[in-house]
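For reference, the structure is listed below as structure tokens.
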Amino acid sequence: MKSPIFTIVEQPNLKTSEILNMCKKLFKAYSSYNDKQLDEDYPAPKEATVRYFRANIEADEEHANKSAKQLEKENIPGITLRERLLLELQYFCVTGGHLDIKNYTFCSGSRSSGGGVPHVYWFGDYDRLSVDWRSVESCYDGIRAREAVSADGVPLKLNPCSLSGKGQGRA
């Protein structure tokens with residue numbers, strides 16, 4: 001049986017700052033990164049890519065209390081910052097709602113140049129999307145990864161030799 005999924009298509013001609021600015025045109029959004037940092041630390045892919053994620057409002061519960069280091073050791077292919085921003089845009093345009101109302105999505109598929117891991121959530125107190133970062137060792141119940149899955153919703157596993165330590169960190 002096919003599980004409900006989100007499909008995210010990334011294009012090489014769109015900068016990360018442009019994706020965040022698209023969000024800002026539709027709803028309030030805050031980022032601890034400036035445009036230059038977004039574009040340098042989280043560059044566009046060299047070619048169009050497609051990945052799939054479970055269609056949950058909150059990030060995957062089974063990845064609560066897992067640090068980015070632990071997720072990497074378990075070969076869990078996590079969402080990137082760019083994918084999470086595109087997912088927010090897609091979800092908002094279809095539903096008028098927002099993701100991660102109660103928890104944060106830990107974008108474990110991305111790393112800043114300083115090694116930090118971005119996280120994204122809807123900050124209800126300020127009625128805005130928030131983009132910030134945490135250490136690769138951060139873990140607690142409210143910060144969770146979104147795991148890339150197959151088009152049928154089946155979890156994927158990364159080849160540990162294909163992981164990179166910077167940027168998108170993709171297989």
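The values are calculated or read from the model by the stated rules, or taken from the named source; none is laboratory data. Since we're looking at a predicted model, the values are computed, not measured. Neighbour counts run over all protein chains shown; Cβ positions are idealised from the backbone, glycine included. For the accessible areas, the whole protein counts, side chains as well, though only heavy atoms, and no ligand, DNA or RNA atoms are used. Shrake-Rupley method; radii C 1.70, N 1.55, O 1.52, S 1.80 Å.
Measuring from label point to label point, each 7 Å out along Cα→Cβ, what is the THR7 to GLU47 span in nm?
In this crude label model, THR7 to GLU47 measures out at 1.9 nm.
Which FRET efficiency value, to the nearest 0.05, do you get for GLU137 and LYS102 by plugging their Cβ-Cβ distance into 1/(1 + (r/R0)^6) with R0 = 22 Å?
Here the calculated transfer efficiency is 0.45.
Could you rank ARG134, ARG51 by how accessible they are, 1.4 Å probe, largest area first?
ARG134, ARG51
List the pair-distance distribution P(r) of the range 39-99, using every Cα-Cα distance, as the percent of pairs falling in each 10 Å bin from 0 up to the bin containing the longest distance, rounded to whole percents.
17, 45, 34, 4
Please compute the contact order of the range 1-110 in relative form: average sequence separation of alpha-carbon pairs under 8 Å and at least six residues apart, divided by the residue count, as a percent.
35
Once you have the Cα-Cα distance between VAL154 and GLU40, take 0.36 nm times their residue separation minus that, and quote the gain in nm to one decimal.
37.8 nm
Amide H neighbours of GLY116 under 5 Å, at least 5 residues apart or on other chains, H built in the peptide plane: list them.
So GLY116 has HN proximity to no qualifying residue.
Can you send over the solvent-accessible area of LEU26, 1.4 Å probe, protein chains only, in Å² to the nearest 10?
Rounded to the nearest 10, the figure is 80 Å².
Whole-Å semi-axes of the chain's equivalent ellipsoid, largest first, each the root of 5 times a Cα gyration tensor eigenvalue?
Computed over the chain, the values are 21, 18, 17 Å.
Tell me, what is the per residue accessible area of the chain in Å², probe radius 1.4 Å?
For the chain, the solvent-accessible area averages 49 Å² per residue.
Let me check against my output: what whole-number percent is the relative contact order of the range 106-151, with C-alpha pairs under 8 Å and at least 6 apart?
34
Given a Förster radius of 22 Å and the C-beta distance between GLU74 and SER113 as r, what FRET efficiency does 1/(1 + (r/R0)^6) yield to the nearest 0.05?
0.35
In whole percent, how big is the carbon plus sulfur part of the accessible area of the chain, probe 1.4 Å, protein atoms only?
Exposed carbon and sulfur together represent 51 percent of the surface.
Heavy-atom accessible area of TYR140 with all protein chains present, probe 1.4 Å, nearest 10 Å²?
Its accessible surface works out to 80 Å², give or take rounding.
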